[in-house]
Amino acid sequence: MKKPTAVICGASATGLGVGRDLGRQGIPVVFADFESFRPGFASRYASKQHKGIVADSEDELLDRLVVFAAQQEHKPVLFQTTDQMVLAVAEHRDRLEQHFRIADSTRPGIADVVTDKKRFYDLCCQYEVASPRTAFPKTADEALQLVEPFDFPVILKPIHGHLWRERLKGKKLLVAETIQEFHQIIDRFRADVHDLMIQEMIPGPEKNLWVGGLYLRQSDGEPGPVFVGRKLRQYPPGFGSASLADACWNETVRDLSVEFLRKIGYRGVCGTEFKFDERDQTYKMVEVNPRQTLWFALIGASNVPLNYYAYCDLAEQPLPALEEQRNGTKWLLFDKDLVSATKYFFTGKLGLISWLRSYKGIRVRAVWSWADLWPSFSIARTYLHRLRTRFSSSNK
């Protein structure tokens with residue numbers, strides 16, 4: 001019997017990791033994105049019968065997804081690897097679930113809540129989950145009042161992060177080291193302060209950032225595969241997405257993740273993040289992602305078949321056996337990690353020997369793979385194109 005196709009919305013490195021995990025199991029994989037140069041489209045695991053789904057707008061992409069699904073013998077399984085597509089699928093779920101198998105987590109009341117940082121913080125308070133101290137100003141004047149009890153430095157985060165990506169030039173947040181810097185940031189975004197949150201900065205190294213990758217079954221909401229690891233470095237340095245991470249089991253992180261997701265009725269793929277606060281020896285929940293995230297390729301490389309398990313559960317096929325997580329496996333996003341490690345090296349926070357040793361145990365990379373080379377060439381071609389474009393613009 002032919003296996004249902006997996007349609008992966010998002011052909012960046014995150015979607016590529018999902019496609020590789022599923023493609024190795026013989027599952028047909030089709031990528032969908034707004035940009036045709038994304039590395040997933042160049043993968044050997046992308047369907048040879050279908051070149052992929054590319055569109056200029058969200059509405060057009062959804063229309064093309066429906067057209068594609070209607071042509072399939074079996075309902076495809078739909079995965080979303082970006083917040084934009086999670087929210088788009090949730091908004092149009094009634095239409096899409098007629099044609100796709102979609103996780104319960106991608107629905108209004110779940111997807112829109114955990115991607116909204118204020119509503120997510122309210123959930124943490126409701127269920128008494130420890131989280132960083134946070135305030136939500138409505139105006140610039142209120143922001144200056146609310147920040148008074150905080151110790152500096154403080155963090156300012158967009159409540160709806162995916163809407164600020166271009167404005168922050170890829171950064172996830174802003175850091176105000178002093179009250180003067182805080183004033184400058186508030187003045188800069190005065191008209192949009194209502195979409196910013198003030199949050200305490202929990203001290204401690206990046207290895208205190210713990211991440212969980214989970215899948216909760218559609219039938220009963222109970223956990224299937226669960227993975228726990230750590231961020232070792234991030235890009236941008238100190239605050240951002242993982243650039244180097246490892247598999248390191250932590251029962252407390254596992255239990256906190258499962259307990260919270262059960263309470264909110266979550267069923268599907270999820271990524272959690274905690275920061276261990278050395279001041280009071282507690283794990284503070286930082287965020288929940290209702291989808292796969294960039295470092296999820298580490299999960300499969302650590303003997304945890306999360307993406308395949310999710311596919312089988314959604315496709316109503318026999319579930320794969322679960323084995324113990326392999327600790328010590330590392331994942332690397334080389335180009336970003338090189339920037340972060342270089343900064344730490346020149347600021348005296350990372351020695352040369354420690355830098356080199358940090359790469360020991362790497363089994364999987366975000367894009368590079370000897371078994372799937374073309375996505376790396378696609379990334380290189382994209383970088384060259386961007387450099388050419390910038391050079392041409394600067395000479396005009």
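The values are calculated or read from the model by the stated rules, or taken from the named source; none is laboratory data. If you're wondering where the values come from, they're calculated on a predicted model, not measured in any experiment. Heads up, the Cβs are rebuilt from the backbone with ideal geometry, glycines too, and the neighbour counts pull from every protein chain shown.
Please determine, by comparing only the residues of segment 319-353 that are within 19 Å of the chain's Cα centre (by Cα) and basic (Lys, Arg), which one is surrounded by the fewest Cβ atoms within 10 Å (Cβ to Cβ). Of everything passing the filter in segment 319-353, LYS330 is surrounded by the fewest Cβ atoms within 10 Å (Cβ to Cβ). Of the set (1) surrounded by fewer than 18 Cβ atoms within 10 Å (Cβ to Cβ); (2) in contact (Cβ under 8 Å) with a residue 24 or more places away in the chain, all apply to ASN289 but (1).
Got at least one residue in segment 227-238 being under 19 Å from CYS312 (Cα atoms), modelled with pLDDT of 95 or more and under 20 Å from the mean Cα position of the chain (by Cα)? Walk me through how you get there before you give the answer.
Here is the first cut: in segment 227-238, the residues under 19 Å from CYS312 (Cα atoms) are 227.
Checking the rest, the ones that are also modelled with pLDDT of 95 or more come to 227.
Going one step further and asking which of them are under 20 Å from the mean Cα position of the chain (by Cα), we end up with 227.
Yes, some residue in segment 227-238 is under 19 Å from CYS312 (Cα atoms), modelled with pLDDT of 95 or more and under 20 Å from the mean Cα position of the chain (by Cα).
Using the structure shown, decide if SER243 is in a helix (DSSP H, G or I), crowded, with 24+ Cβ neighbours inside 10 Å and not hydrophobic (A, V, I, L, M, F, W, C). When the stated conditions are applied, SER243 does not pass them.
Test GLU316 against the stated conditions and say whether it is under 23 Å from GLY19 (Cβ atoms), surrounded by fewer than 22 Cβ atoms within 10 Å (Cβ to Cβ) and at pLDDT 95 or above.
Values: under 23 Å from GLY19 (Cβ atoms): yes; surrounded by fewer than 22 Cβ atoms within 10 Å (Cβ to Cβ): yes; at pLDDT 95 or above: yes.
The answer is yes for GLU316.
With respect to (1) in contact (Cβ under 8 Å) with a residue 60 or more places away in the chain; (2) outside any strand (DSSP E or B); (3) within 30 Å of ARG262 (Cα to Cα); (4) touching a helix residue (DSSP H, G or I) at 6+ places or on another chain (Cβ under 7 Å), the lone exception for GLY204 is condition (4).
Can you tell me which residue in segment 22-38 is nearest to the chain's Cα centre (by Cα), limited to those that are assigned to a loop (DSSP other than H, G, I, E, B) and aromatic (Phe, Trp, Tyr)?
Looking at the filtered set, the residue picked out is PHE34.
Rundown of residues vs (1) within 30 Å of MET197 (Cα to Cα); (2) outside any strand (DSSP E or B), yes/no style:
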site	(1), (2)
TYR283	yes, no
VAL288	yes, no
ILE299	no, yes
LYS336	yes, yes
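Flag not set for PHE41, criterion: under 27 Å from SER241 (Cα atoms), part of a strand (DSSP E or B) and either outside the structural domain of PRO320 (by TED's automatic domain parsing) or modelled with pLDDT under 95 (or both). Of all the numbered requirements in (1) touching a Gly at 6+ places or on another chain (Cβ under 9 Å); (2) on the phi > 0 side of the Ramachandran plot, ASN303 misses one, and that requirement is (1).
The set of residues in segment 48-73 that are assigned to a loop (DSSP other than H, G, I, E, B), surrounded by 14 or more Cβ atoms within 10 Å (Cβ to Cβ) and over 24 Å from the mean Cα position of the chain (by Cα) comprises HIS50, GLN72.
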